[in-house]
Amino acid sequence: MDNLLENEYDLFYYDEPTHYWRNYKNDANSFANLETSRGYLYANSQDVTIGLKGTLNASNAKVSIPLNYTTTAGSLIGFNLVGNPFAHNVIAYTGNHVAEECYRVNDTRTDVIVDNISNENPLKTGEGFFVKATDEKAFITFNSGTKDEMKKTERIKLEIRENDQLIDR
C-alpha cells in the first residue's frame with residue numbers, strides 16, 4: 001500500500017492467542033504483509049490517501065476465513081478481528097462454530113457494541129468487526145449472496161428540446 005507508513009501512524013492487528021493488540025512499529029510484532037480478511041486498526045496523524053497495490057477482490061467468489069480459538073486466551077477466548085474481504089459492502093456471512101452476534105465499533109467510534117450485519121446495517125468496504133469462535137473448527141464465509149446490491153431507482157427521462165420542439169428522448 002502506498003502512503004500507509006507515512007507520517008506518524010499506528011497499525012495494529014488483534015492477536016487472539018495472546019489477546020493483545022500488536023503494533024507494526026514494534027520490532028517483535030512487525031509483519032510484512034496485510035492478510036486478506038484480517039481486521040486491522042489504523043490511524044495516521046495526517047489526512048492521507050492510501051493507494052492499494054495488487055487486485056481488489058470485487059468478485060462474487062466465496063471467501064472462507066479460519067478463526068483462532070486458543071484455550072489459553074482466558075476470557076477473550078475465540079475473539080477474532082475480521083475485515084470485509086471484498087471491495088463492496090456485504091450484508092451477511094455464514095459461520096460454523098461461531099457465536100451468532102458480532103461486535104462492531106459504533107457510529108461515533110467511541111465504543112464496541114454487540115451488533116449484527118444486515119441489509120439495513122451492512123459491513124462496509126474496509127470495515128472490520130469482531131467475531132467469536134466457539135471451538136477450534138470455527139470459520140466464517142462470505143459468498144456471492146452477501147453482496148450489498150445497489151438500490152434500484154426509477155428511470156430518469158431526459159428530453160432534448162429546441163425552441164420547444166422535442167428533438168430526442
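Sort 83-91, 42-50 for me by packing, meaning the mean count of neighbouring Cβ atoms within 10 Å per residue, highest on top.
Final packing ranking: 83-91, 42-50.
Got a number for carbon plus sulfur as a percent of region 38-125's accessible area, 1.4 Å probe?
Carbon-and-sulfur percentage of accessible area, whole number: 49.
Any idea of the accessible area per residue across region 1-133, 1.4 Å probe, to the nearest Å²?
So region 1-133 comes to 61 Å² accessible per residue, rounded to a whole number.
Which order do peptides 128-135, 11-18 fall in by mean Cβ count within 10 Å, highest first? Spell out each step's value before the answer.
Values: 128-135: 20.1, 11-18: 17.9.
Ranking the peptides 128-135, 11-18 by packing returns 128-135, 11-18.
Placing +1 at every Lys and Arg Cβ and -1 at every Asp and Glu Cβ, with all other atoms neutral, what dipole size does region 1-143 have around its Cα centre, in debye to the nearest 20?
Result for region 1-143 is approximately 360 debye, rounded to the nearest 20.
The values are calculated or read from the model by the stated rules, or taken from the named source; none is laboratory data. The shown structure was predicted, so the numbers you read here are calculated from the model rather than taken from an experiment. Here Cβ is always computed from backbone atoms with ideal geometry, including for glycine, and neighbour counts include all displayed protein chains. Protein only, heavy atoms only, side chains kept; ligands, DNA and RNA dropped before computing areas. Shrake-Rupley method; radii C 1.70, N 1.55, O 1.52, S 1.80 Å.
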